1. I'd like the FRET efficiency for Leu156 and Arg24, computed as 1/(1 + (r/R0)^6) with the beta carbon distance as r and R0 of 56 Å, rounded to 0.05.
2. Within straight cross-link reach of Lys157, meaning Cα distance under 20 Å, which aspartates and glutamates are found once same-chain residues fewer than 8 apart are removed?
3. Please determine, in degrees from 0 to 90 and to the nearest 10, the orientation of helix 16-27 with respect to the longest principal axis defined by the Cα atoms of the chain, where the helix direction is its Cα long axis.
4. Assuming a ≥ b ≥ c are the square roots of the Cα gyration tensor eigenvalues, decide whether the stretch 36-144 counts as rounded (a/c under 1.5), prolate (otherwise, with a/b larger than b/c) or oblate.
5. I need the trypsin sites (Lys or Arg not before Pro) found in the stretch 135-177, filtered to DSSP loop residues with at most 14 other beta carbons within 10 Å of theirs.
6. Roughly how many debye, to the nearest 20, is the charge dipole of the stretch 206-306 about its Cα centre, given +1 on each Lys and Arg Cβ, -1 on each Asp and Glu Cβ, and no other charges?
7. Taking H placed 1.01 Å from N in the peptide plane, check which residues at least 5 places from Asp387 or on another chain put their amide H under 5 Å from its amide H.
8. Compute the projected area of the convex hull of the Cα atoms of the chain, averaged over all viewing directions, and report it in nm² to one decimal place.
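No lab work stands behind these numbers, since they all come straight from the coordinates. Keep in mind that what you see is a predicted model, and the values were worked out from it rather than measured. With ideal geometry, Cβ positions are generated from the backbone for all residues, glycine too; neighbour counts draw on all protein chains shown.
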Amino acid sequence: MTQTPHPRRARAEIDLGALRANVRALRARVAPHVQVMGVVKADAYGHGAVRCARAALEAGATWLGTATPQEALALRAAGLTEARIMCWLWTPGDPWADGIRAGLDMSVSGLWALREVTEAAQAVGRPARIQLKADTGLGRNGCQPADWPELVGEALKAEAQGLVKVTGLWSHFACADEPGHPSIPAQLDVFRSMLGFAEKAGVEPEVRHIANSPATLTLPEAHFDLVRPGIAMYGVSPDPALGTSADLGLRPVMSLKASVALVKRVPGGHGVSYGHHYVTPDETTLGLIPLGYADGIPRHASGRGPVLVGDRVRTVAGRVAMDQFVVDLGDTGPGGDAPEPGTEAVLFGPGDRGEPTAQDWAEAADTIAYEIITRIGARVPRVYLGDRED
């Protein structure tokens with residue numbers, strides 16, 4: 001394990017050993033022929049894309065996935081030259097030519113994108129690797145079934161001209177994190193139909209895929225040739241309805257910690273933070289936590305966010321400010337057992353020591369755990385643990 005000095009103000013500890021274990025656990029859930037794509041978009045959900053991508057590949061992932069081409073190109077620039085990398089969120093004028101040169105698999109959802117990528121292929125002088133995305137019911141990106149024959153036909157023409165290679169056919173679930181939702185079998189039926197049309201027309205995809213994290217965990221019939229775990233790779237349950245991280249055999253990778261910056265006694269009736277939404281009921285001890293919404297702490301968790309300080313879970317007292325928030329440590333009294341400045345405060349982690357989890361913060365902020373971990377900002381240094389293979 002690489003020993004990294006721990007920043008005193010705050011840090012996000014990233015357990016790469018846990019990430020590798022999660023990838024292996026996910027790999028064990030799919031058939032031997034099914035490949036695993038480690039999704040590292042949004043800086044690996046806030047964990048650090050390059051380090052997490054390398055760890056995922058070490059643990060058996062054979063693909064990496066990003067949203068934007070810039071994210072994918074950054075992985076190539078960091079030395080990840082051999083892994084297959086797919087990126088799916090393209091806009092007009094994006095760097096198709098750079099993507100071709102970098103050997104990316106690029107998603108195409110409509111004719112405008114096919115035109116731009118074929119023009120780039122002509123300019124570069126080599127075929128583009130593309131994957132056609134089907135909108136099977138999510139209603140975001142992807143080609144509608146009514147438009148699918150035209151997109152497939154035009155892609156096959158471009159392939160015959162040596163401008164593209166159609167490497168994949170894919171889609172994305174809307175409600176795979178809601179067990180029993182009727183849209184799940186409906187989307188699978190549409191996907192199979194659109195696959196059948198494309199393959200009958202002459203498309204020979206290397207991979208067909210639709211399974212995100214919840215589908216990887218619960219829908220073996222949706223695994224096809226490739227699964228795309230994102231949040232599950234980072235050890236967070238896609239939804240409490242599917243079980244906790246532990247229930248799913250996963251371990252959270254990120255722990256968010258800070259040092260208590262100040263401890264002080266205040267009288268009863270003392271307002272705390274902006275707007276005085278919290279007023280001390282009696283004389284008490286306050287602790288200052290040097291993290292705020294500029295660091296990604298949700299302001300919506302004001303008055304509700306849990307923090308482990310010492311051996312007790314406290315609650316955010318009053319509003320979360322830009323750089324800091326306060327916890328009421330209780331009536332420890334002079335000479336009592338109040339935590340000292342510098343004491344570690346744990347906002348969330350795996351929960352092993354009774355500390356809150358990202359899901360606890362999600363519930364406090366009326367959001368999802370995805371947002372909690374992804375929003376932790378660049379001002380919080382990442383400290384990597386478990387650099388070497390287990």
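1. It comes to 0.90.
2. Correct list for Lys157: Asp105, Glu116, Glu119, Asp147, Glu199, Glu204, Glu206.
3. 40 degrees
4. Judged from the Cα gyration tensor, the stretch 36-144 comes out oblate (a/c at least 1.5, b/c at or above a/b).
5. Arg140
6. 380 debye
7. Thr2
8. Over all viewing directions, the chain projects a mean Cα-hull area of 20.6 nm².
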